[in-house]
1. Could you list, in sequence order, the residues of region 71-111 that are of a type in the set (F, W, Y) and surrounded by 21 or more Cβ atoms within 10 Å (Cβ to Cβ)?
2. For region 76-112, which residues satisfy the criterion of being touching a residue at least 40 places away in the same chain (Cβ under 8 Å) and charged (D, E, K, R)?
3. For residues that are surrounded by 15 or more Cβ atoms within 10 Å (Cβ to Cβ) and of a type in the set (G, A, S), scanning just region 112-142, find the one that is nearest to the chain's Cα centre (by Cα).
Amino acid sequence: MNTAPEVQHLLQPLVARAQYNWSSKGFPDRAAEHVLLRLGVTASLQSAFSEHDLAVMRAAWIDAKALSFFNRHPESSGIEIECGISTRFHRLSNQSSWPRFAWLITSSQDVDKCIKGIFPSLDNFTSIGSKHPFTAWKHGLISKSASAAFIIAGEQSALSGDQLKELIASLLTPGLEYLHKVELIVCHQKNSLSQLNYWQSELEVLQQWSPRQSYLKRLASFFPLLKTAVDKSQSLASHLRLNNKIQVTL
C-alpha cells in the first residue's frame, strides 16, 4: 500500500511507537507494527526515524489519562482531532478487559483516506476527513448515548490560537447537551525536558490509580493560559469558566 506524499511525515511517530513495542521499554503498540507492514515501510526508514522518545512518552501519558477517564466513564466517546495515523483506539482496547467506549478520528481528507485504507470499519470505530476537523467531529460522533467524551487535539502538529479558539467554540455551541463530562487534552506545546519530567511523574502516579483520585487540572488554573491562546476573547473565556462540565489540560 502506497502513502500519499502529504502523509509521509506521519510515519515518524508510528515508527517510534513500533520500535518501543519491540524494545525492553515496553510501550505496547502492536497496531503500529501492523500499520508499518501495511504501508510497506522498510527497515532503513525505521532506523532513520528512531529518536522520538519524547513523542512516545507523551503518547503513553495521554493513554494513561484516557484509561483513567474510561475507568470512571465506561460508556463514553474517545475523539482524536488532527492526531495523525493514530493507533490509540487499538492500544487502549488491548489494555481494557471489556472496552465499551466508541472512537472517532477527524483529520484532513488525505490522512482520513490513509486511515481507512489501513483499518477496517467497526461499529465502535470510525474516521472522517474534513477541511474543518476542529468542528466536524461534532457531526461524526458514533454514539449519542455516551454521557462523556475524552478529546485529544493536535497530537500530530501544534494547534494555532485560531484552531484552539475554533475547537473550544465547538464545545460550547448547542448540540452536546447530552454530555455531562468532557475532558480535552490540547497537545499544542513543544516537547521539552520539563515536559518529559512532568509526564514521567504523572505516569508514576497514574500507575497507582484509584477512583477516589483525580489527575485533571482545574479549569481555574487553565483559564489564564486559555485567555492568551484564544487572543484574549473575554466572552469565550467567561463561558468556559462558567461551564463546569468541561475540563481542559494543556
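1. Taking region 71-111 and keeping what is of a type in the set (F, W, Y), we get 89, 98, 101, 103.
F89, F101, W103 - these are the residues of region 71-111 that are of a type in the set (F, W, Y) and surrounded by 21 or more Cβ atoms within 10 Å (Cβ to Cβ).
2. E80, E82, R88, R91, D110
3. S127
Laboratory data are not the source of any read-out in this text; all were calculated from the coordinates shown. Fair warning: this is a prediction, and the values are worked out from it, not measured in the lab. Here Cβ is always computed from backbone atoms with ideal geometry, including for glycine, and neighbour counts include all displayed protein chains.
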